[in-house]
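The values are calculated or read from the model by the stated rules, or taken from the named source; none is laboratory data. Because the structure is a prediction, the values reported are computed rather than measured. Methodologically, a virtual Cβ is constructed for each residue, glycine included, from the backbone with ideal geometry; neighbour enumeration extends over all protein chains shown. Heavy atoms of the whole protein, side chains included, go into the accessibility calculation; ligands, DNA and RNA do not. Shrake-Rupley method; radii C 1.70, N 1.55, O 1.52, S 1.80 Å.
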Amino acid sequence: MEMRIMRVVVLLVLVLGSDCHGCWDQERTALLLLKPYFHLYVDGVSKWGQTENCCEWAGVHCDISTGRLTRLFLNASNSPFSHGFFDDPTVDDAINGWGELMLINLETLVLLGNSFNGSILVSIGRFSNLKSLRLTLGVSNFTESIDFIDLKALTHLEDLTLYCHDDSHSLTVTDSNCRLPLQSLGLFPSLKTVDLGGFNIEGTIMTSQNNETELRLTNLETLYLFDNIFNSSILASLGRLSNLRTLGLIFGVFNFTGSIDLTELNGLTYLEDLSLYCYDYEDSSLATTGRPCSLPLESLGLFPSLKTVELIGFDIEGSTRTSQSDHWHTNFTNLEELRVWYSSLQTNILGSIRQFTSLKRLYFNDCEMDRSLNILEGLCEMTNLQELDLENNDLKGDLPKCFSNLTFLEMLDLSSNQFSGNIYALKSLASLQDLRLSDNYFRIPISLEPLFNLSKLKSINAYNNVIVAETLIPSSSPRFQLEDIDLSCCGEVGSFPEFLYHQHDLQSLHLSNIFFKENQFPNWLLDNNTKLERLYLTNSSLSGPLQLPLASHTHLSYLDVSNNFLNASIPTEIGKQLPSLVLLNMSKTHSIGSIPSSLDHMTSLRVLDLSNNKFEGKIFFRNSKFPNLRVLKLDGNNFSGRIPDLLSKTPSLIALDVSNNTLSGMIPRWMGNMSSLQRIIMSNNHFQGTIPIEFCQLDDLVLLDLSVNNISGSIPSCLNPSQITQIHLAKNRLRGTLPNTLCNSSTLVTLDISDNFLSGSIPSWIGRLSDLSYLLLSKNNFQGEIPMELCSLKYLSVINLSHNNLSGRIPPCLNLTTFGDVDYVEFYTTGLSAFSLNEPIDLPIKNVYNSYRGKIIPMVSGIDLSCNKLVGEIPHQIGNFHKILALNLSRNSLTGPIPPTFANLKQIESLDLSYNKLSGNIPTQLVELTFLSAFNVSFNNLSGRLPPRVAQFGTFDDVSYMGNPFLCGEPLPKCADTGSPPPEPDSSIDNDEDNGLIDMGVFHVTFIVSYTIMLSAVAVVLYINPYWRRVWFYHAENAITFCYYFVLDNILLRRFPCGNL
């Protein structure tokens, strides 16, 4: 391995070591030798050699005057960090005959994102004029401390960035093999900036013999120690770097708990920028519960030159005033910016922070605050504030009137809190440019009249508040010219606000979910604002046709008028009038007609959503072209015909939804050649034929829904999309077995192949689909036992195997949860390529198949094993499925009692155990199931008194219990008052679907066997005894003769009296 590393080092020396002037052939040739090893991982390297002058190549920079190579950037931005670069034997040929030459002009060398070992430092140490070195080392390549002695010649080095990366992903920063003696930095007396990451930092800056190391770092101004391992002793060393201007530290909770003492840094009198993070590497999150790192706020007063402070993940304690002195605040006179994220402010910090009179930018984001502290009142005295961000702190109440004192405020962010009341306290903020009030309970007038005098205001984002109609029409016009308005949700406000007629600089307007009464589409907005790029009017009660601007609007890129009442066709000239549209959403607008051909002019169109309307005819015209289309949603219309071949010319198409139409024909085979396709939804149409085998090429496929069609054949045996989460093939005519290739689809969440003609056994490899939550295989011809491997599925929410020929016992080890409890559900339900909540999940409840979709899907949980041949007792472990909604085990041959543990199914709504062979009593504990609305135990062998008619059991009639002759009590006949319990049924007598006391299946088998034995015995006797054999044939012959003449005399002669037989 070391020899291979040295070969690469020699190549780098060849590139950087030529003593030629300009782009000499030697430099150019050496760069081309490196090209094969970096071209896949470094942007632009693949184009090396296309021009003669190597100084023009990507990542290569030369001195303007001399033409010499001075800077080389080989950032492996696309590298997996271990790219096999050192294992290529052709490196021997590449360096054959070349010597190790020095490059005295090299000043910058960047090799980030690679995975070198320490031997490369020997070669880099030859570049004596190097000023900037940025390098990534591989953690697996080190077992001893990194020795910087090989770089001691770099006396001009000013910028050192060194990361140690775990290319095997087997280690965390808590156990890094990259050990770095801190005193080794003293080898570089010119250092100004140091950035270290991924190291186990050892030692101190000052050596034990003398303070030479400390003296040699007097030029150091910037130090970042992020993602390293060090203990508290490092603070004393850092406190000796007297010229330090910028310091960034991450304290790992495995090394630091309790209060962080910054007094050892009091020598940093010139420190201007301080960033301190407390990070828990075990759960990879900032600000863990309990905030193990605490920081006394007064300790910041140790640094009189501080201008910027950023604190993340701390429990900030104490006040800014010490008990010994009264001049603490003099050390904060230079502080201009304070950022506090993911921290806890439980003390009187807010009452003291008003003393930070020099602050211009104050940020408190995602913090826990003592609500008894009036933070807003405390901020009113900070009159120099220019930016105030209090986002997501759960603050409540009205805005104080003293907010009007903040006349220099340019940006105010109060979003994601629980503020209420009006916004009149903001009317005097004359400098305000950017106002963010979203996700609160403010009552904001649609006219924005309280803000009319803010002439500098450019942007207001106040979505998810209460938008109210203005009781009085404002007497004046606004002084502002807004560029960005978002007032989406909620309220009824009458007509469009008058102030919009005075706006001419709008670039983005969001007025969704505001109910404008009897308003048509405001085309005047487009005429008045020629720079408008985004217009969102979703669910705004618009009526009438979509009206286009008078002139072509070339800036509008996003138009969303979905969920309105347009009740008209799409304007035929929409493509010519709005040619720059990137997104057009007209879903749920009651639109009619066909898709106009002018859409061809929208060459930039990426998202087209015309779903859930009344469009008809064919999809697009023959010559339509959409080269940039990525999402096409045409579902819920009356489109007919075939999928047009023109879609094969949309190479960027990611999602195609044509479900719920009347489309027909074969599924196009060319769809399998569209490598970017992630979602294919074609359900509820009239497609026929087979699933194209070309679909096996769709490696990025996430969702496939071909359900409710006439598709036949088998599922392609090669279908194996590695990223797929949902497969819906229900209600077709598929045959064969489940292909084994699906076993590699580890991301699969939904597998719905119900209502087909599949056969064979349920494959055991389903147990390897670790993310599977919805398994729907009902109404097929599966046989055999339920595989025990299903027990390894930890995230199962719905399992429906009903209406098959399954036998054996119910596995007692099955797990059941809800999708909403799965840790990764948030990941799966966000983003374009995520789990779609719009795809239905069918689950029978109360004997009715319900299709669940939308936000309720993560809450659905149920089991249906009905209509099979399952035997044995019901596992009592099913009682542990606390969130199950439906359980159907009917029409099997289950025996034994109803498990009392069913009383733990507190959320169950439907329980069907009918048509089995269950015995014993109905557990009285079931009356505790307060959500149970459907209960059926009919046609079993149950006995005893029924549970009391209380709660939900008071709603069940006798149909729920019929076919159990030994049950009694309301609503069945009363139990005999004999002082003893009703008689138990004979265990040898079973019920069946005919409500008899005889098991007819056993009767038929017994009868046939007995009859066969009797006939066999007669034949054996006749064979052995010749006398009995003669007698038997004699009587048999007489019987036949008698029957013949009886028929002849009494039947045939009467029907044919004339003898015409």
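Among the candidates 77, 18, the residue that is among the hydroxyl-bearing types (Ser, Thr, Tyr), loosely packed, with under 12 Cβ neighbours inside 10 Å and at pLDDT below 70 is uniquely 77. The set of residues in region 421-445 that are open to solvent by less than 50 Å² (accessible area, probe 1.4 Å) and in contact with an Asp or Glu (Cβ under 6 Å, 6 or more places away or on another chain) comprises 421, 431, 445. Within region 946-966, track down each residue that is among the aliphatic types (A, V, I, L, M) and either open to solvent by less than 10 Å² (accessible area, probe 1.4 Å) or in a loop (DSSP other than H, G, I, E, B) (or both). Within region 946-966, 946, 950, 962 qualify. Can you work out which of the residues in region 485-505 that are assigned to a loop (DSSP other than H, G, I, E, B) and among the hydrophobic types (A, V, I, L, M, F, W, C) is surrounded by the fewest Cβ atoms within 10 Å (Cβ to Cβ)? Looking at the filtered set, the residue picked out is 490. Selection within region 506-520: residues that are at pLDDT 90 or above and out of contact with any Asp or Glu (no Cβ under 7 Å at 6 or more places or on another chain). The member of this set that is surrounded by the most Cβ atoms within 10 Å (Cβ to Cβ) is 511. When residues in region 872-914 are screened for being over 37 Å from the mean Cα position of the chain (by Cα) and open to solvent by 60 Å² or more (accessible area, probe 1.4 Å), 4 of them pass.
Meeting the requirement of 1 or more residues that are open to solvent by 50 Å² or more (accessible area, probe 1.4 Å), the strands (runs of 3 or more DSSP E) wholly within region 689-728 are 710-714.
On the given criteria, is residue 758 of a type in the set (A, V, I, L, M) and in a loop (DSSP other than H, G, I, E, B)? Against the criterion (of a type in the set (A, V, I, L, M) and in a loop (DSSP other than H, G, I, E, B)), residue 758 does not qualify. Scanning region 646-660 for residues that are within 12 Å of residue 683 (Cα to Cα) and either open to solvent by less than 10 Å² (accessible area, probe 1.4 Å) or within 26 Å of the chain's Cα centre (by Cα) (or both) yields a count of 4. Being open to solvent by less than 30 Å² (accessible area, probe 1.4 Å), modelled with pLDDT of 90 or more and assigned to a loop (DSSP other than H, G, I, E, B) is true of residue 385.
Yes/no per residue for (1) of a type in the set (Asp, Glu); (2) surrounded by 20 or more Cβ atoms within 10 Å (Cβ to Cβ); (3) at pLDDT 85 or above:
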| position | (1), (2), (3) |
| --- | --- |
| 254 | no, no, no |
| 257 | no, no, no |
| 263 | no, no, yes |
| 266 | no, no, yes |
| 270 | no, no, yes |
| 277 | no, yes, yes |
| 286 | no, no, no |
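Number of residues in region 97-139 that are farther than 24 Å from residue 43 by Cβ and either in a strand (DSSP E or B) or at pLDDT below 75 (or both) equals 11. Scanning region 446-467 for residues that are part of a strand (DSSP E or B) and either surrounded by fewer than 17 Cβ atoms within 10 Å (Cβ to Cβ) or on the phi > 0 side of the Ramachandran plot (or both) yields one hit, 466.
Residue count for region 542-569 under the criterion of being in contact with a Gly (Cβ under 9 Å, 6 or more places away or on another chain) and open to solvent by less than 10 Å² (accessible area, probe 1.4 Å): the result is 1. The set of residues in region 435-481 that are at pLDDT below 95, of a type in the set (Val, Ile, Thr) and under 38 Å from the mean Cα position of the chain (by Cα) comprises 444, 446, 466, 467, 468.
Cβ-Cβ below 7 Å, separation at least six or inter-chain, first residue in region 481-510 and within 14 Å of residue 526 (Cβ to Cβ) and of a type in the set (S, T, N, Q), second open to solvent by 20 Å² or more (accessible area, probe 1.4 Å) and in a loop (DSSP other than H, G, I, E, B): which pairs? Cβ pairs passing all conditions: 503/481; 507/483; 507/531; 507/533; 508/533.
Of all the numbered requirements in (1) closer than 30 Å to residue 890 by Cα; (2) modelled with pLDDT under 75; (3) of a type outside the set (A, V, I, L, M); (4) not in a helix (DSSP H, G or I), residue 971 misses one, and that requirement is (2).
Across region 32-57, the number of residues qualifying as part of a loop (DSSP other than H, G, I, E, B) and more than 36 Å from the chain's Cα centre (by Cα) comes to 7. Out of 680, 643, one residue alone is part of a loop (DSSP other than H, G, I, E, B), open to solvent by less than 20 Å² (accessible area, probe 1.4 Å) and within 29 Å of residue 601 (Cβ to Cβ). It is 643.
Per this entry, residue 626 is not counted among residues that are of a type in the set (A, V, I, L, M, F, W, C), touching a helix residue (DSSP H, G or I) at 6+ places or on another chain (Cβ under 7 Å) and in a loop (DSSP other than H, G, I, E, B). Assess whether residue 851 counts as being under 27 Å from residue 754 (Cα atoms), open to solvent by 10 Å² or more (accessible area, probe 1.4 Å) and part of a strand (DSSP E or B). Judged against the criteria, residue 851 is a match.
Would you say residue 817 is β-branched (Val, Ile, Thr), modelled with pLDDT under 90 and under 18 Å from the mean Cα position of the chain (by Cα)? Judged against the criteria, residue 817 is not a match.
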